[in-house]
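The values are calculated or read from the model by the stated rules, or taken from the named source; none is laboratory data. Note that the coordinates shown come from a computational prediction; the quantities given were computed from them, not determined experimentally. Every residue, glycine among them, receives a Cβ derived from its backbone with ideal geometry; neighbour counts consider all protein chains shown.
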Amino acid sequence: MSCTSTRGQAPHEAAAIAAGTAGAAVVFAGLTVVIALAGLSVVGIPLLTKMGLSAAGAVVVAVLVAVTLIPALLGFFPRAVLPRAARRTAARPAHAGRGTRYLSMPAASPAAAAVGPLSSCVTP
């Protein structure tokens, strides 16, 4: 099944475009924040130095996750970049008529589908 985003790119292409364009901005913003937080060590107060360097380390980890892990996860789950409505229509077969929807109801909610047969067993 091939699904496309609202602009027409395949999910892998959309993830690559997003990582390419937003990745540089994320790295630049993260580097700016790391420099600012590391600047707290200039004050000479040990508590501020520790807090600033710890927060700078957390920002470095967040930037690395944003640049590497999120595009990798989008590679594993390519439909995640699609809007919710597009994911629903991509998951539904094109020939979903009345019979297909009726027969897929027990799979969607097995507890509700079991109520009818079980109630007929209980009543005399």
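Summary table below
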{"quantity": "Residue, nearest to the chain's Cα centre (by Cα), within the range 74-88, restricted to residues that are closer than 16 Å to ILE17 by Cβ and in a helix (DSSP H, G or I)", "calculated": "ALA80"}
{"quantity": "Boolean, HIS12 is in a helix (DSSP H, G or I), modelled with pLDDT under 90 and not β-branched (Val, Ile, Thr)", "calculated": "yes"}
{"quantity": "Subset of the range 34-65 [surrounded by fewer than 17 Cβ atoms within 10 Å (Cβ to Cβ) and within 30 Å of GLU13 (Cβ to Cβ)]", "calculated": "VAL60, VAL61, ALA62, LEU64, VAL65"}
